[in-house]
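Inspection log for the structure reproduced underneath, given as structure tokens.
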Amino acid sequence: MRSLNGEARHGSGCESLSSLRRCSHPGCFVCGAANGHGLALEFRLDERGAVEASFPCHAVFEGYPDMLHGGIICALLDGAMTNCLFAHGHAAVTAELKVRFRHPVVTKRPARVRAWIASTLRPLHEMAAELVQEEQVMATASAKFIERPAALRFGA
């Protein structure tokens, strides 16, 4: 895998993919370096175009005893899909998010979140993601994202 700090260019006014992330939402709870209370996940791009990041599942994010809160799971999946779009030069917002909780995610055990583009018909992108712990898929998501300029035009 390679870091999102790659040399790829795009047309948003930012110079690199990591710049796109910083320019688009520096205070993001999931990946924003400027958010001192956030998760600050570091996503990496793989050779197939998916992104992946590790998450330690600290007990502070617990819902029920020893289980990661469902809202945190949703945020991780959504953030991974957003970063996958950044890796491909798109700044987009979530228009629809569907999450399937397959198994409880245990706190105090690391997990990884992965996302990829399912299809694109600009300005709409259909995305998919999964959260894996101990080699088992614990949650999956599908989502529709709309590029930011289009979202502003249509109020999405």
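Cβ-Cβ distances below 8 Å connect the following pairs, each with a first residue in segment 96-112 that is among the acidic types (D, E) and modelled with pLDDT of 95 or more, a second residue that is assigned to a strand (DSSP E or B) and surrounded by 12 or more Cβ atoms within 10 Å (Cβ to Cβ), and a separation of six or more residues or different chains: E96/A143; E96/K144.
For segment 41-69, give me the residue count where each residue is under 15 Å from the mean Cα position of the chain (by Cα) and either assigned to a helix (DSSP H, G or I) or basic (K, R) (or both). Step through it out loud before you land on a result.
Start the filter on segment 41-69 by keeping residues that are under 15 Å from the mean Cα position of the chain (by Cα), which leaves 41-46, 49-55.
Next, from what is left, pick out any that are either assigned to a helix (DSSP H, G or I) or basic (K, R) (or both): 44.
Adding up the residues that qualify gives 1.
For segment 109-147, a tally of residues being surrounded by fewer than 15 Cβ atoms within 10 Å (Cβ to Cβ), touching a strand residue (DSSP E or B) at 6+ places or on another chain (Cβ under 7 Å), closer than 20 Å to A91 by Cβ and of a type in the set (A, V, I, L, M, F, W, C) returns 1. Inspection of segment 58-75 finds a residue satisfying the criterion of being within 15 Å of M138 (Cβ to Cβ) and in contact with a Pro (Cβ under 7 Å, 6 or more places away or on another chain). Taken as a whole, the condition of being of a type in the set (A, V, I, L, M, F, W, C) and under 16 Å from the mean Cα position of the chain (by Cα) does not apply to L124. Among the residues of segment 73-100, those identified as among the hydrophobic types (A, V, I, L, M, F, W, C), within 16 Å of F55 (Cβ to Cβ) and surrounded by fewer than 24 Cβ atoms within 10 Å (Cβ to Cβ) are C74, A75, V99. I'm trying to understand the selection: among the residues of segment 45-66, which are under 21 Å from E135 (Cβ atoms) and surrounded by fewer than 17 Cβ atoms within 10 Å (Cβ to Cβ)? Those that are under 21 Å from E135 (Cβ atoms) and surrounded by fewer than 17 Cβ atoms within 10 Å (Cβ to Cβ): D46, E47, R48, S54, P56, H58, D66. Screening K144 with (1) within 21 Å of S19 (Cβ to Cβ); (2) of a type in the set (K, R); (3) under 15 Å from the mean Cα position of the chain (by Cα) gives one miss only, at (1). All of (1) farther than 12 Å from L131 by Cα; (2) in contact (Cβ under 8 Å) with a residue 60 or more places away in the chain; (3) aliphatic (A, V, I, L, M) hold for A92 with one exception: (2). One residue stands out in segment 32-43 among those that are touching a strand residue (DSSP E or B) at 6+ places or on another chain (Cβ under 8 Å) and crowded, with 17+ Cβ neighbours inside 10 Å: the one that is farthest from L131 (Cα to Cα), namely L39.
Does V93 meet the test of being in a strand (DSSP E or B), among the hydrophobic types (A, V, I, L, M, F, W, C), out of contact with any Pro (no Cβ under 7 Å at 6 or more places or on another chain) and modelled with pLDDT under 95? Don't jump to the end; show me each part of the working.
On the way: in a strand (DSSP E or B): yes; among the hydrophobic types (A, V, I, L, M, F, W, C): yes; out of contact with any Pro (no Cβ under 7 Å at 6 or more places or on another chain): yes; modelled with pLDDT under 95: yes.
Against the criterion (in a strand (DSSP E or B), among the hydrophobic types (A, V, I, L, M, F, W, C), out of contact with any Pro (no Cβ under 7 Å at 6 or more places or on another chain) and modelled with pLDDT under 95), V93 qualifies.
Any residue that is in contact with a helix residue (DSSP H, G or I) (Cβ under 6 Å, 6 or more places away or on another chain) and under 22 Å from K144 (Cβ atoms) - is there at least one of those in segment 41-49? Yes; the residues of segment 41-49 include at least one that is in contact with a helix residue (DSSP H, G or I) (Cβ under 6 Å, 6 or more places away or on another chain) and under 22 Å from K144 (Cβ atoms).
The values are calculated or read from the model by the stated rules, or taken from the named source; none is laboratory data. Given the structure is predicted, the values throughout are model-derived calculations rather than measurements. Positions of Cβ are backbone-derived with ideal geometry, glycine not excepted, and every protein chain shown enters the neighbour counts.
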